[in-house]
């Protein structure tokens, strides 16, 4: 069954290659996305309990990230057909022709990466995720998209190569232990972490962290990811911000899980905290100067992935908050990029200065943009408020309260600058008043955004037992005692 | 044998430091691919098995034949000038590489006292990783950046071959396929860059900034 979940998207990708109609591609992809969502949900709720199969298995962490992937993928596929009919910029026939094929390949690669129980397999699948998404970044076939694709493909490939060095160092760290000569199974390494050579383990952690940072999009390796997210079509940007970054984060969390019972734990925590704080700093600086609203959202991703990395490094209650934050951030980012896509389509620009009176001209989009901004800015009752509260509480009682002060300082200015830019877009009256050809109609992206925003509230308010149980299990796997 | 081949591999890195011809980079990639293939074949003299031939054969096809041929095709199709256009002097680049290699070899020697590693192949592989990075940093042409990336990958493969624990063949083959597809996509991107942007240099990619 695990293998089937990985292979079905690959088969559907092949089907998209053979069939010519874009509408047929859409229906195939939508059917697969529904199947995948049902599979992920069955896995998450425990209706289906798989054992280990070859290099694949599903623990609580991979079940959570898989559900995040399935959910984001479903909504992205759902809105994609409408998006392709009315794109924001010109595109080529080949861009449309391979769009759904690459989406299916993306699902295949990500599922394989998330369900892999082996570092080697994770690496191969993770590289494949880059290959699937790079051509999608170039969908608009313009200079910016080309540059973004090149930078993403090149820098992430170099980053992944560094992660591979880290994996080889991990193998070296097992020399002279019971793990020597065995396969790189996460579970085996996590069980025997105390036996591993600390020098090689440290080197392994650094290389995997730095390498995967290019894909997670945390500073100082965030540049390619910011360019790619801001220049790709909105559904693809949503896919990258909502799920691809989480798949990459999974790699760092796996190595962190391995070092947790070892003497390298403190060192790894310091690296994660530094990476997280530096990401917040970068987001803080760039929020002052960024003039492009999609780049603004991309830096918001740098901020939130920074918060998650920081919270994982802090541990305790902050770690639990980070797991909730993964879920909420993913949902909010999908909404923000969908809505930004609507704005781009009507105003034909990504410049903040070129957009005005959105709330009057596009009321559905405008109000949803405002609500999504509230959601990502941790305004209650949206879920991020609760996850950040947990993270802050974890920071306060972690023995490093200064981290909380620094984090809140950065976040305050990020909130002010992001708010200023978005409110300008929503309410500012332009000297050259823009008029739209027709009044805005309720469409599929509005429907998706409303459902997702309701989900961000409902999950936080209801706090489902199954989610809490999973997050507590993950915390237990990471040696966290609450 | 492993040490001899690793030293030849190191010499190919020095050649990269002094050559100014784009074609020489492709030749070096072919030589390195051939060395890695022989390194994989060598243990088969004692323990021969037909399935064990799959990996060296695939490596040979990908690294010695397909990728170099593809890069040569790009050079011809896009009429890329034959000079590499460095950003620093060749002599300084050579000094940098010598210094880096010395540090890597000394560090590996120290580490080999606490961990059982083959010093020469390990240090050669890691030197190639560093040289690959320097090629990417200190050369202007994007096609040379691709070559630098491949040198880096070859280095990883070389020092990976010195580690006792082996990855499953499926993963090794998967990684080779990934690298091939990456280079293939980079080639397509270069084609587009040649028709869309103003040149093949990294300086042509300066539209995206804040």
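Computed from Cα positions, the angle between helix B:67-77 and the longest principal axis of chain B comes to roughly 10 degrees.
Each peptide in A:169-177, A:206-214, A:115-123 gets a packing score, the mean of other Cβ atoms within 10 Å over its residues, and the list from highest to lowest is A:115-123, A:206-214, A:169-177. Computed extension length for residue A:405-residue A:10: 137.5 nm, one decimal, from 0.36 nm per residue of separation with the Cα-Cα distance subtracted.
Once the C-beta distance of residue B:196 and residue A:267 is scaled by a Förster radius of 56 Å, the resulting FRET efficiency is 0.80 to the nearest 0.05.
Each of A:30, B:11, B:197 was scored by other Cβ atoms within 10 Å of its Cβ. Arranged with the fewest first, they read B:11, A:30, B:197. Estimated from helices alone, the mean residue ellipticity of chain A at 222 nm is -25500 deg cm²/dmol (sum of -39500 (n - 2.57) over DSSP H runs with n ≥ 4, per residue).
Once Rh is set to the Kirkwood radius over Cα pairs, what Stokes-Einstein translational diffusion coefficient, in µm²/s, holds for segment A:212-332 at a temperature of 25 °C and a viscosity of 0.890 mPa s? Estimated diffusion coefficient is 172 µm²/s. Within segment B:120-139, whose backbone N sits under 12 Å from a point 7 Å along Cα→Cβ of residue B:7? Residues B:120-121 fall inside that zone.
Which angle between 0 and 90 degrees, to the nearest 10, do you get for helix A:93-115 versus the longest principal axis of chain A when only C-alpha atoms count? So the inclination is approximately 30 degrees. Largest first, the three principal axis extents of the alpha carbons in the protein assembly as shown are 74, 59, 49 Å in whole numbers. In degrees from 0 to 90, rounded to the nearest 10, what is the angle of the helix A:60-85 Cα long axis to the longest principal axis of chain A? So the inclination is approximately 20 degrees.
Projected label points at residue A:429 and residue B:85, each 7 Å from Cα along the beta carbon direction, are separated by 5.1 nanometres.
Protection proxy ranking of B:101-112, A:344-355, A:61-72, by the mean of other Cβ atoms within 10 Å over each peptide's residues and highest first, is A:61-72, A:344-355, B:101-112. Once the Cβ-Cβ distance of residue A:85 and residue A:436 is raised to the sixth power relative to R0 = 22 Å, the FRET efficiency obtained is 0.80.
Each peptide in B:150-156, B:85-91 gets a packing score, the mean of other Cβ atoms within 10 Å over its residues, and the list from highest to lowest is B:150-156, B:85-91. Remark: mean inter-chain Cβ contacts per residue of A:292-300 equal 1, using a 10 Å Cβ-Cβ cutoff to other protein chain atoms. For the segment A:114-124, counting C-beta atoms of other chains within 10 Å of every residue's C-beta and taking the mean gives 3. Inter-chain Cβ neighbour count for A:145-158, averaged per residue, equals 6 (cutoff 10 Å, partner chain atoms only). Would you please classify the overall shape of segment B:2-204 from the alpha carbon gyration tensor, given that a ≥ b ≥ c denote the square roots of the eigenvalues, rounded means a/c under 1.5, and beyond that prolate means a/b larger than b/c while oblate covers the rest? Since a/c reaches 1.5 but b/c is at least a/b, the shape of segment B:2-204 is classed as oblate.
R0 = 41 Å: FRET efficiency of residue A:420 with residue A:482, Cβ-based, nearest 0.05? So, using R0 = 41 Å, E works out to roughly 0.60.
The modelled label-to-label distance between residue B:98 and residue B:207, using points 7 Å beyond Cα along the C-beta direction, is 4.4 nm.
No value in this document is a laboratory result; all are computed from the given coordinates. A quick note: this is a predicted structure, and the numbers were derived from the prediction, not measured. Ideal geometry is used to build each Cβ from the backbone, glycine not excepted, and the neighbour counts take in all protein chains shown.
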